[in-house]
Amino acid sequence: IFTSSPREPKAVTSHVVSGTMLRMSRRFPLRPSGRCDGCQPWSTSRRSYQASRPCRSAETKGDGISHEIEYEGLWGAITTFPKRRPFATNVIVATVKTSVADLIVQKAEGKDSIDWTRNGAFTAFGFAYLGIGQWFIYVTLFSKLCPNAIRFSNLSWAEKLKDRAGQIDLIKQTALDNFVHYTFIYFPVFYCIKEMINTVAVKDAEKPPTDKGLIERGLGKYWKNCVQDNIYMWSLWVPGDLLVYSVPIWMRLPLNHAISLAWTMILSSLRGNEK
């Protein structure tokens, strides 16, 4: 018979713990490489920290031009359409505006009937160039040439007054629009499209004999009128552009078309009857 001493329970406990740890070490052996699939290695070196990107739900909706807006019903869809679909709005407004402006001028001229060939030239110009082409120029190209343009346009008026970089881009856009875009792109395209529509509408027997091509004829007519055309253009659009490039980006082209309605009426009265 052995009598247990007071120290024996500690010895038994120590033996049990040692046995448990031995079984765990056999079940989960240490890997000498210090590396496991999908796990970080155990190391005493300092670990680098990389911040995760914020989730998309936390990001601002919209791309700075179009906006994701919740609406209800048909009226809500109509009133929010310009912000949700600015490109489609631009094409629709440009086409309708240009056609209506010419019709107003034709009526004001006291014509007995509408010259649909003339109106077709303005409508085609409004759709192809003012609707589609100017989107690329004003939104895509100008935003690259003037990197502060979109940010500046979306600021409040109080913030615009303090933003010097945005103010410089405002002046830059106005100068590029009036003295580069209108003079060397807008008018040549207008005269060429107008010449094309007039050429298609005139019967072969009525066409005057000429060895000049369509583009050459169109540019030739622009050359005769370029001084007067540009003076009229600059007198309206230099102050107009300062306003257009100051409003929020989604409102830029609709406001541009509002001012352009007056300009198209001027252009129609100046060049609409020319063949």
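The values are calculated or read from the model by the stated rules, or taken from the named source; none is laboratory data. Note that the structure is a prediction, hence the values are computed from the model and not measured. Using ideal geometry, Cβ is built from the backbone for each residue, glycine included, and neighbour counts are taken over all protein chains shown. Remember, those area values only see protein heavy atoms, side chains included, never the ligands or the DNA or RNA. Shrake-Rupley method; radii C 1.70, N 1.55, O 1.52, S 1.80 Å.
Would you calculate the separation in nanometres between label points at V238 and A88, each defined as 7 Å from the Cα along the Cα-to-beta-carbon direction?
4.0 nm
Would you mind computing, in nm to one decimal, how far apart the modelled labels at I259 and S113 are, each placed 7 Å from Cα along Cα→Cβ?
Distance between the two pseudo-spin positions: 3.9 nm.
Counting only protein heavy atoms and using a 1.4 Å probe, what share of the accessible area of the stretch 72-127 belongs to carbon plus sulfur, as a whole percent?
Numbers: 2010 of 2960 Å².
Answer for the stretch 72-127 is 68 percent, counting heavy atoms of protein chains only.
Report, to the nearest whole %, how much of the accessible area of the stretch 210-275 belongs to carbon and sulfur atoms, 1.4 Å probe, protein only.
Numbers: 2310 of 3260 Å².
Carbon and sulfur: 71 percent of the exposed surface of the stretch 210-275.
Report the FRET efficiency, 1/(1 + (r/R0)^6), for Y71 and F179, where r is their Cβ-Cβ distance and R0 is 41 Å, rounded to 0.05. It would help to have the intermediate numbers written out before the result.
On the way: r = 41 Å, r/R0 = 0.99.
That pair, Y71 with F179, gives E of 0.50.
State to the nearest 20 debye the size of the charge dipole of the stretch 141-275 about its Cα centre, where the only charges are +1 on K and R beta carbons and -1 on D and E beta carbons.
Details: 16 positive and 12 negative charges, 22 e Å.
It comes to approximately 100 debye.
Hey, which of these cross-link pairs are over 26 Å Cα-Cα: K107/K212; K107/K194; K194/K224; K97/K144; K83/K144? Intermediate values should be presented prior to the final figure.
Numbers: K107/K212 33 Å; K107/K194 20 Å; K194/K224 15 Å; K97/K144 28 Å; K83/K144 21 Å.
Among K107/K212; K107/K194; K194/K224; K97/K144; K83/K144, the Cα-Cα distance tops 26 Å for K107/K212; K97/K144.
What is the extension gain from L141 to L161, computed as 0.36 nm multiplied by their sequence separation minus the C-alpha to C-alpha distance, in nm to one decimal? Don't skip to the answer; put the middle values down first.
Numbers: separation 20, 0.36 × 20 = 7.20 nm, distance 2.44 nm.
Gain on extension, L141 to L161, equals 4.8 nm.
Taking the mean number of other Cβ atoms within 10 Å as a proxy for protection, how do you rank 130-136, 189-195, 110-116, 82-88 from highest to lowest?
Highest mean packing first, the order is 189-195, 130-136, 82-88, 110-116.
So, taking all protein chains as they sit and a 1.4 Å probe, how much accessible area belongs to V96, in Å² rounded to tens?
Its accessible surface works out to 80 Å², give or take rounding.
Once you keep just the Cα pairs under 8 angstrom separated by 6 or more residues, what percentage relative contact order results for the stretch 93-212? Before the final figure, lay out each step's value.
Values: 72 pairs, mean separation 33.4, N = 120.
This gives 28 percent for the stretch 93-212.
Please give the length that would be gained between T80 and I171 if that part of the chain were fully extended, namely 0.36 nm times their separation in residues minus their C-alpha to C-alpha distance (nm, one decimal). Kindly include the intermediate steps, with their values, before the conclusion.
On the way: separation 91, 0.36 × 91 = 32.76 nm, distance 3.01 nm.
Between T80 and I171, full extension yields an extra 29.8 nm.
Beta carbons within 10 angstrom, averaged per residue: use that to sort the peptides 263-271, 178-186, highest first.
On the way: 263-271: 19.0, 178-186: 16.3.
In decreasing order of mean packing, 263-271, 178-186 become 263-271, 178-186.
Roughly how many Å² is the accessible area per residue of the stretch 120-275, as a whole number, for a 1.4 Å probe? Show your work: numbers first, answer last.
Details: 7840 Å² over 156 residues.
That works out to 50 Å² per residue.
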